[in-house]
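In what follows, a single structure is set out as structure tokens and then discussed.
We did not get these values from a lab; they are worked out from the coordinates using the rules stated. Keep in mind that this is a model prediction, so the values were computed, not measured. Virtual Cβ from ideal backbone geometry, glycine too; neighbours counted across all protein chains shown.
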Amino acid sequence: MLHTKALTIGYSTGRRQTKVIQESLTFELTPNSLTTLLGINGIGKSTLLRTLIGHQPPLSGGITLGDKPLTSYSAHELAKEISVVLTEPIPQLNLRVIELLQISRTPHVNWQAKLTKEDQYWIDKAVDLTSIASLVHQPLMNLSDGQLQRVLIAKALAQNTPLLILDEPSSHLDLNHKVKLYQLLHHLTREENKTILFSSHDIELALHFADEALVLQADGYTKNTIDALIANGVFDRFFQEDYLRFDRQNKRFTLVQ
């Protein structure tokens, strides 16, 4: 599966200057597990995810997928291994939902570029899992933000890769669909043998459903099971504000009156 070694992430600020966001990240994603990426705004969650999928080069260190460096994969090869949901706008808003789902099968289609029964199976399964049957013939531009988010998740599922990486997949969803999403992600790791890494600002829901968490902090990072992180007090000091307190037993933050 995917692992990093001494990974430093950030970006160029011009004139050979770089801005380091996080450094010395060495971790491995546990196969067939649901891992949440947590941290306050601006800590580097999106930068890390973009680096892990090859959209942004690391400043130093390495990323290995399977037994090969990430940089050795072609875009076509990588699309068979990792499916992605990012927060960037979708440029093809004139497409219908079904057309976007069909595009997700591109890494798997034969040389004639024709969809097979297997391709249609994965598309139908993704539609069913995300409950978007009523949307498949709608143009993307007609969808609400929440509907579009569900469609993008369906696209990632239809791609049928062993690893899914999602940047704030619950954004734009109401509470009901947030819970359904996390239930689905949990189901995929158990029943479909998927490995999933997702970032989230819905910390309490993420802690309830995830197996492990990778927590980015100003002074470093930590990765462990949810229970171990709670026992080690990681979330007791997640926020610096005195008016927030973490309830370990119920895995939630409470206001201090």
**Computed label-point distance, nm, for sites residue 244 and residue 30 using a 7 Å Cα→Cβ extension** = 2.5
**Fill in**
A chain fully extended from residue 228 to residue 192 at 0.36 nm per residue, minus the present Cα-Cα distance, gains in nm 10.4 nm
**Request:** Mind jotting down the distance between the C-alpha centroids of segment 144-197 and segment 31-89, whole Å?
**Result:** 16
**Asked** What residue among 206, 231, 154 has the largest mean-square fluctuation in a Gaussian network model of the chain, using Cα springs under 10 Å?
**Response** 231
**Complete:** With no solvent term and unit scatterers on the alpha-carbon positions of segment 98-174, Debye gives log₁₀ I(q)/I(0) at q = 0.11, 0.14, 0.15 Å⁻¹ of -0.27, -0.44, -0.50
**Request:** Please order 239, 246 by the number of other Cβ within 10 Å, starting at the fewest.
**Result:** 239, 246
**Prompt:** For helix 117-130, what angle does its Cα long axis make with the longest principal axis of the chain, in degrees from 0 to 90 and rounded to 10?
**Reply:** 50
**Prompt:** Pulled fully out, how much extra length does the chain show between residue 116 and residue 64, if you take 0.36 nm times their separation in residues and subtract their Cα-Cα distance?
**Reply:** 15.6 nm
**Fill in**
Taking Cα atoms only, helix 175-191 is inclined relative to the longest principal axis of the chain by an angle, in degrees rounded to 10, of 80
**Asked** How far is helix 145-159 tilted off the main Cα axis of the chain, in degrees rounded to 10, range 0 to 90?
**Response** 70
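May I have the convex hull volume per residue, in Å³, for the Cα set of the chain?
Given the Cα convex hull of the chain, per-residue volume reads 154 Å³.
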**Request:** Quickly work out the residue 138-to-residue 175 label distance, labels modelled 7 Å from Cα along the C-beta direction, and quote it in nm with one decimal.
**Result:** 2.3
**Request:** Step through the table entries 45/80; 80/178; 5/251; 125/194, compare each Cα-Cα distance with 20 Å, and write down the pairs that go over it.
**Result:** 45/80; 80/178; 5/251
**Request:** Between 153, 53, 40, find the one with the highest GNM mean-square fluctuation for the chain; connect C-alpha pairs within less than 10 Å.
**Result:** 40
**Extension gain from residue 237 to residue 255, taking 0.36 nm per residue of separation minus the Cα-Cα distance** = 5.1 nm
**Request:** Mind jotting down a quarter of the surface of the convex hull over the alpha carbons of segment 143-251, in square nanometres, one decimal?
**Result:** 7.9
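What FRET efficiency would be calculated for the residue pair residue 40, residue 88, taking the C-beta separation as r and a Förster radius of 22 Å, to the nearest 0.05?
Details: r = 21 Å, r/R0 = 0.97.
Between residue 40 and residue 88 the formula returns 0.55.
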